[in-house]
Amino acid sequence: MRKLMRFAARSKVAPTTELFPMSKINDAIQHVRDGKARYRVILKADF
């Protein structure tokens, strides 16, 4: 696992995500329920 983490850091591997502000949590949930989420959905605090 450590080797993998070092490789990811060295290679600048980053996940592909869809970012929603916490104020749009209902939109984010509906986005997932509708099957429209292509990547990992992330909620970011905006308060």
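Any read-out appearing in this document is the output of simple, stated calculations on the displayed coordinates, not a laboratory observation. What you are looking at is a predicted structure, and each value in this text was computed from that prediction instead of being measured. Quick reminder, even Gly has a Cβ in these numbers, built from the backbone with ideal geometry, and neighbours come from all protein chains shown.
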Among the residues of segment 1-18, which ones are touching a helix residue (DSSP H, G or I) at 6+ places or on another chain (Cβ under 9 Å) and assigned to a strand (DSSP E or B)?
18
Take residue 24 and tell me if it is within 17 Å of the chain's Cα centre (by Cα), in a loop (DSSP other than H, G, I, E, B), surrounded by 10 or more Cβ atoms within 10 Å (Cβ to Cβ) and of a type in the set (Lys, Arg).
no
Which pairs do you get when a residue that is exposed (fewer than 10 other Cβ atoms within 10 Å of the Cβ), found in segment 1-18, comes within reach of a residue that is not in a loop (DSSP other than H, G, I, E, B) and not polar (S, T, N, Q), reach meaning Cβ atoms under 7 angstrom, with the pair 6+ apart or on two chains?
15/40
